Amino acid sequence: MQQRQARFGPVTVDPAAALADGPALVQDVAVFALRRLLHLEAEIRRCTSLEELNALLVNEVRRVTGARHAYVAEVAGRHVRLTGASGSGGVDRDAPSVRWLEARIVEAIGGAPARQAPIVLQVGAAATSEEGRAYPFSHLCWLPTYVAGKDCQGGVILAGETPLPDDAITLGLRIAETAAHAARILPHRAPRLSGSRLRLRLTLGAGLLALLAMAIPVPMSALAPMEVAPRNA
């Protein structure tokens, strides 16, 4: 059986090639993709902060879908703000290319940030702006991170030279939805204590209980020689 990586690389497969190799290979590829998805969703649920969640999301979605680059963005009304990028983890807020890209995304999604949308950019020699001529990817895909019935508060942008296949987009949307649920839970999750802090709190609690126990009154008794005699012999 052909060996495959456990986490890295896109999961998209040419159906014709897979069928030519036989049904067993098709089933093997499907099981491999499902295991990867379940593993990634488990990692998302283990995140302890929004920063950790965004870093995991932007890098893993890029790997799973096979995109060349990925960004994570926040949505506030009709404004989109890039907050992270695959590989680097940070975004230069003063860079003209970042503002140009944010404006192009706003134009594409309009007033409906909760809908997945393909975005085609005029880049290279056909671009009318300096930022467009310098940007290397002409195809973007907006994947919203939102919970059904709630306002969309962010999204993932996947970038590449060509459009992503439909199966990669479907997988990316599933991961984005899982991340959206995790993002809503994280602000209300109690922070975890490190081992040393937990031991310190347990020690202080035990000492406090010992002091309280010392304040409880305890009846005293003493033993002495005695003789039992009848009252009216």
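The values are calculated or read from the model by the stated rules, or taken from the named source; none is laboratory data. None of these values were measured; they are calculated from a predicted model. Here the Cβ positions follow ideal geometry from the backbone for every residue, glycine too, while neighbour counts run over all protein chains shown. Calculation scope for accessible area: heavy atoms of the full protein, side chains included, ligands and nucleic acids excluded. Shrake-Rupley method; radii C 1.70, N 1.55, O 1.52, S 1.80 Å.
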**Item:** Radius 11 Å from Cβ of P136, net charge of other residues (Lys, Arg +1; Asp, Glu -1)
**Value:** +1
**Prompt:** Quick one: which of 96-106, 110-120 comes out on top by average Cβ neighbours within 10 Å, and what's the full order, highest first?
**Reply:** 96-106, 110-120
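With charges only on Cβ, +1 for K and R and -1 for D and E, what is the dipole size of region 30-128 about its Cα centre, in debye, rounded to 20?
Values: 13 positive and 10 negative charges, 58 e Å.
So the magnitude is around 280 debye.
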**Request:** Using a 1.4 angstrom probe on heavy atoms only, work out the carbon and sulfur share of the accessible area of region 123-175 in %.
**Result:** 51
**Residue among H69, L82, A55 farthest towards the positive dipole end of region 28-109, charges placed on Cβ** = H69
**Asked** Using the heavy atoms of the protein chains alone and a 1.4 angstrom probe, what is the accessible area of region 93-185 per residue in square angstrom?
**Response** 51
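What order, most packed first, do the peptides 133-141, 37-45 have when packing is the mean number of other Cβ atoms within 10 Å of each residue?
Working: 133-141: 17.8, 37-45: 14.9.
Going from most to least packed, we get 133-141, 37-45.
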